[in-house]
Amino acid sequence: MSVFIKYNKPGSIGNIFNVQVLWRFNSTTAETMRKEEDEEFRVLDIMKKRDRQQKRTARKINIQPDRADRMPTDQNWGNVWPGPKTFHPSSVPLPIRQGYVPKGQAPPGKKANAELMKIPNFLHLTPPAIKTQCEAIKKYCTEWPKLLNSEDAIEKHYPVEVITSDYCHASPTIRNPLARIVNLRVKLSTLNLDKHAKDKFLRLVGDCYDEKTDFVTFVSDRCPMRKQNLDYVNYLLTACYHESWNVEDWEKEKCEDDMEYYIWDNNASKKSLVNWHLRCNNQEINLTDDEYKNYDISGISNASGYKEAVSSLMNDGENEDTVKNYGSAVRKLLGLPERKLTQC
Amino acid sequence: MISEHSTNIAFRTKRGEEKRQWSRLVHICRTMATLEGQKVPQSSSASDGISPPQRIHRGPTDILQALAATVGPDPTAAHYKYHDDPYLIPLSNFRKRSYALSAEAGRKAAAWVRDEHADLFSMREWDPPGKKKTPYLNADPHIDAFAPKPIYNDESKVTEEDFKYTLNNALVEDAIKVFELLGGVNALSEELKMEFLQLLCFYNEKEPLAMEWLEERWFAAKTRDRHSATWRLGGLADSIFTSMEPKSSEAYCAIIQGMAKYYQAERAHLLAQEAMEKGIPLSTSVFNSLISCVGFLKEGTTLRIEALKTLLAQMKEQGLSPDQGTLSSCLKSISAWGGGNMLQQVALQVVAEFKSIGLQPGLSAYYYLLCLFCKERGPRVDILTTILNDLEKRENLVPQDATDTNFFITAMGVCSDHLQDISLAERLHKLLMKGDNYRLVGDAYKESIYYRHYITVSCRHAPFEKTLELLDTLIPNVYVPEPSVMEEIIKRLEAGGAGERLAQAWSQLVVFGHANRVRLVERLLDAFCNCYQYQDDEIKAKIRLAAGDILKFGQMAEEKEEKNEMRSPVQKLSATAMTNIIELCSDVTDKADEGWEKVSQALDRLRSQQAAGVPARPQVLAQVAQRAATVGRPTIAAAAVGYLSECGFEEATSASVATLSVMLNRSEEEVKTLLQDRSNLSALHPTALAVAEAYHEVKSGASLHQSDSSTSSESDSESSDDDC
């Protein structure tokens, strides 16, 4: 079974190198030593049968010279080697050598060389052949849409990618069950979602969202046919999208525990900051929750830095950077001196 | 609540698995989907630079055909049905045939196994052993051609479905079998009977060679169609026809066409009359087939033409308009009636008439015209130029009739024998090579005749370089020349003075399997001798090698014959050919050259009467004797002179004198005086003695007995004096 591999990312080339390494391990090493021990076991030949047998001479076979010798230098190579086939020395007029040999020896020539037959050759895909073939099928090609001249433009106008696999067999059936699998992926940023909808969408799709690449990927293999799977992934995308725009009654019951991320304005940290600020200024403290939330902290020096530091500490988790940031923000806020380098 | 909801939709995404699939991705279709992935933008909208343009329609194999059209012929390669390997590329006609047919025999054997053991190929691979197998073909999609064929015998239980299957697949014998099993005429509906009748009439109740066996069809050398009544009188078709009541128009059409196709002309016409009297309409193709066999009804050209015209008139009465088939069957009939000015005029009239109603003659019509006008011994009529002018204008030649394949071979024959015009032949070949026209070449037999004509006309009338080019492209992969063509080629090469190619011609003869044809080899040797003088030294050496090889080949063939490995007796080269070999091989100045060995072998053969006849040019042998003596091979010289004297050639006298003078380093006068006195001779060296004896032999017209003894003494002396 052979699989056509084509992928838009250049990373897959790595596979090919691995394969080459494998070939080298498989390759037969040239025979370096040949023990010549011609001592036969002597047989008593009473009837002198051997002599009679030896008389039978092998029939001479006249082999014609390689057709590579007769080829003119200006021939059209595409006519000689029109399609993929195993290497054959008599039809290839090139002095090719291949094989693994110890250092200092020349690799074996093209005749009777299994190494050359093992590897797939691309003799049928010479640049002129590719050119003529492209010219030949050009009449079935339509023009590329003019405005789709860059990857960005393509992504903008066709944000949805559907990925399927085709398989090519040498067997009675041309079907492959793997061909039914359909991947649909779309960048989250291209979807028209507001804050609430985005939050809900992410909750709906769960693992299907990859934060690093911003792709939402739907994979379906539950239906027996590709068409059905394609319909199904389209349905999933549509359903999730529209559902995420709906606001149900129970969504108002969302409390701080349900929050998907830390919002500083809603939390106790702001409350204490505001309280501390008011206390420093000897003002009265009797604010409602909403007033706390909407309190403008721009009046407090270095408060915005502190807010960011706390948010990142809570959202991104504790690590050296966030903790350090938090520390320096607090120092700034409270007007303490910078930590000295020698101390750390 | 939210988390619950999300699990309801249940996306099964396993990260690891997904990753693996990504790496296997084959192609990425960016679907034309909108954000929702539901609507595809209609491509009918004007080109906005974003939506894809309208798809260009193409059939399922169009791309493959376009790609295949980029591949041209490769003159160095054999046909692709053979293995591309020096051991397996066939170079003679016999091998081409046997290799291709062997491969086909293998395919046939495989098909036989498949049909006989159909149960082995109809199981699911994953059925566990012991479990009852489910009948199921692994193939998907199901391809009828690869599926086992049903076998019908006396025990088979058949239904109407089987009968329909056999009818649809044109399995004539199976259809007859199933027909019998079903219970004969009465068990069938009228519709099936009709179809069965049509099948029987088309094939005359004979099983056709299946389309599957391409090679067999290609190599089946069909001899010219015999124009004899092969229709099975009172056969199954007739009985079915009589059983049909009422007889429909279709039934009449089928049986009349069948009879006409297999030359049961009289009955066909009787039935046609009957149908017309009953007022049953007949089709155009019925009339076409009637026209093509109208000549069987009448004798004499005028009567036949009358009958033809009546038929055409009847056609008009029926309100049928003629088609191309009508034209070609008219011409077929006319061309079958012999030649002569009157028929030619009628044919031209017919063509003109059809042209006036807009029917251009097809290839078979042109074929019949060529048959009619270009008779072997007739006057030279050049209608081919006009025909080619017409055909070259057409975009592609569509095969319509089986006789279409006769056109190119006949036209090339006309170019070669009748018109002897190379430029026409080249035009014709160009037409054949255009587009898909090569399929009109017919079969292997026709193809080889076509090339035989082409190469012959090219050898006779084309410039030398062009002929060579043609030979290089065609031989041996496309065409292997027959002996007669090979002779033409040798003649042409001789006239062109191409020594190197002549030397190659010998190896070609061996490869093509013509090396046993003495006439051809002798012709080649003559050509060698005629061209030898003005060749370069290198080529001279090659020719000498080839000549020596010819001798060796003859010896090997004889050895084989002795061992009874050859079926037909080996013909021996004539004495003239041997002399040619001797002349060629002796043209060396080096004493140790291999050529001398060949010369002595050839002389041995001459002397032991192993070559037919006597040499045409004995003076050559005299020269050789002298040369041999000069170089220092007196044995050979003696043998040559001895042979001359044995045969009683006059040249023997002068030759022996000249040779002796060289041997003894005396002037010819001295030698002559020396020879007068026989008593002196005993002092001579044995080889010189032999020469001297030869001299006397000729002088005295010695008896056969003496000559015999001289040969024996010769052979004695030879063994002892090789080193002198």
Open item on the list: If you only keep lysine pairs separated by 8 or more in sequence, or across chains, how many in the range B:534-613 come under 22 Å at the Cα atoms?
Closed with: 15
- [ ] For n ≥ 4 DSSP H runs only, could you compute -39500 (n - 2.57) per run for chain B, divide by its residues and tell me the 222 nm figure to the nearest 500?
- [x] -18500 deg cm²/dmol
Task: Residues B:Phe287, A:Phe201 arranged by fewest to most Cβ contacts within 10 Å - done: A:Phe201, B:Phe287
Open item on the list: Along its three principal axes, how long is the range B:608-673 when you only count alpha carbons? Whole Å, largest extent first please.
Closed with: 36, 22, 16
- [ ] For the range B:303-319, take each phi angle, set θ = phi - 60°, evaluate the Karplus expression 6.51 cos²θ - 1.76 cosθ + 1.60, and give the result in whole Hz per residue in order, putting x for glycine and proline.
- [x] 4, 5, 4, 4, 4, 4, 5, 4, 4, 4, 5, 4, 4, 5, 4, 6, x
Task: B:Ala313-B:Ser92 pseudo-label distance in nm [points 7 Å out on the Cα-to-Cβ vector] - done: 6.1
- [ ] If a/c stays under 1.5 just call it rounded; otherwise compare a/b with b/c (prolate if a/b is bigger, oblate if not). Do that for the range A:194-344, with a ≥ b ≥ c from the square roots of the Cα gyration tensor eigenvalues.
- [x] oblate
Open item on the list: Multiplying the sequence separation of B:Tyr534 and B:Phe464 by 0.36 nm and subtracting their Cα-Cα distance, what value in nm do you get?
Closed with: 23.4 nm
Task: Relative contact order of chain B, defined on C-alpha pairs under 8 angstrom at six or more residues apart (%) - done: 6
Task: Label-point separation, B:Leu209 to A:Trp276 (7 Å along Cα→Cβ), nm - done: 10.3
Task: Simple label model, 7 Å out from Cα along Cβ direction - B:Arg114 to B:Ser484, nm - done: 4.2
Task: Relative contact order of the range B:325-450, defined on C-alpha pairs under 8 angstrom at six or more residues apart (%) - done: 24
Task: Rounded, prolate or oblate (a/c below 1.5 giving rounded, otherwise prolate when a/b exceeds b/c) for the range B:362-479 by Cα gyration tensor - done: oblate
Open item on the list: What lysines does B:Lys261 reach when the alpha-carbon gap must be under 21 Å and sequence neighbours fewer than 8 apart in one chain are set aside?
Closed with: B:Lys193, B:Lys206, B:Lys222, B:Lys247, B:Lys298, B:Lys309, B:Lys332
Task: Full-extension gain in nm, B:Ala170 to B:Val381, via 0.36 nm per residue minus C-alpha separation - done: 71.6 nm
- [ ] Would you please state which residues of the range B:632-664 a label at B:Lys672 would reach in this model, taking the label point 7 Å out along Cα→Cβ and a backbone N cut-off of under 19 Å?
- [x] B:650-664
TODO: Over the range B:278-377, calculate the relative contact order: mean separation of alpha carbon pairs under 8 Å at least 6 apart, over the residue count, as a percent.
DONE: 30
TODO: Set the Förster radius R0 to 35 Å, insert the Cβ-Cβ distance between A:Ala106 and B:Asp472 as r into 1/(1 + (r/R0)^6), and round the FRET efficiency to 0.05.
DONE: 0.50
TODO: Would you kindly calculate the mean projected area, averaged across all directions, of the convex hull enclosing the Cα atoms of the range A:42-197, in square nanometres?
DONE: 24.0
Task: Straight-distance crosslink candidates among aspartates and glutamates, where the alpha carbon sits under 19 Å from A:Lys254 and sequence neighbours closer than 8 are dropped - done: A:Asp194, A:Asp199, A:Glu243, A:Asp265, A:Asp289, A:Asp290, B:Glu4
TODO: Rank the residues B:Tyr262, B:Tyr534, B:Tyr366 as a footprinting-exposure proxy: fewest other Cβ atoms within 10 Å of their Cβ go first.
DONE: B:Tyr534, B:Tyr262, B:Tyr366
TODO: Starting from the Cα gyration tensor of the range A:261-343, take the square roots of the eigenvalues, sort them a ≥ b ≥ c, and report rounded, prolate or oblate (rounded when a/c is under 1.5, otherwise prolate if a/b is larger than b/c, else oblate).
DONE: oblate
Task: Förster-model FRET efficiency, 35 Å R0, A:Glu135 and B:Gln360, C-beta, rounded to 0.05 - done: 0.55
- [ ] Give the calculated FRET efficiency between A:Arg222 and B:Ser507 to the nearest 0.05, with a Förster radius of 56 Å applied to their Cβ-Cβ distance.
- [x] 0.20
Open item on the list: Please compare each pair in A:Lys187/A:Lys227; B:Lys430/B:Lys466; A:Lys212/A:Lys340; B:Lys108/B:Lys430; A:Lys187/A:Lys270; A:Lys138/A:Lys187 to a cut-off of 25 Å on the Cα-Cα distance and tell me which ones are over it.
Closed with: A:Lys212/A:Lys340; B:Lys108/B:Lys430; A:Lys187/A:Lys270; A:Lys138/A:Lys187
Open item on the list: Assuming 0.36 nm per residue, please report the length gained on full extension of the stretch B:Thr301 to B:Asp604 beyond their Cα-Cα distance.
Closed with: 102.5 nm
Open item on the list: A 30 angstrom limit on the alpha carbon distance is what I want to check against. Which of B:Lys177/B:Lys316; A:Lys111/B:Lys81; A:Lys131/B:Lys96; A:Lys139/B:Lys355 exceed it?
Closed with: B:Lys177/B:Lys316; A:Lys131/B:Lys96; A:Lys139/B:Lys355
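Rule-based calculations on the coordinates, nothing more; no lab input. Nothing here was measured: the structure is a model prediction, and the numbers come from that model. We place every Cβ from the backbone using ideal geometry, glycine too, and count neighbours over all the protein chains shown.
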